[in-house]
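Structure first, commentary second.
The values are calculated or read from the model by the stated rules, or taken from the named source; none is laboratory data. Bear in mind that the values here come from a model prediction, so they are computed numbers and not experimental data. Quick reminder, even Gly has a Cβ in these numbers, built from the backbone with ideal geometry, and neighbours come from all protein chains shown.
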Amino acid sequence: MSCPFCTPAPERVFYRGDLVVGLWDAFPVSPGHALLVPIRHVEGWFDASP
Ligand SMILES: [Zn+2]
């Protein structure tokens, strides 16, 4: 199964670090809403690196 977060549209990426990618939300719940996506695939929030 393909992962939509591994190949985001370049215009959505506002940050790319070693652990996290920052993406502008395609359907923001409020102005400026963004997603911080861990690069490593994890099952849940608490499996992510501190
Ligand atoms: Zn992915």
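Residue count for segment 1-28 under the criterion of being at pLDDT below 90 and hydrophobic (A, V, I, L, M, F, W, C): the result is 6.
Looking only at residues in segment 26-48 that are of a type in the set (Gly, Ala, Ser) and away from the ligand (no atom under 15 Å from the Cβ), the one that is surrounded by the most Cβ atoms within 10 Å (Cβ to Cβ) is Ala34.
Note on segment 1-47: residues that are part of a loop (DSSP other than H, G, I, E, B), free of Cβ contacts under 8 Å to residues at least 24 places away in the same chain and among the aliphatic types (A, V, I, L, M) amount to 6.
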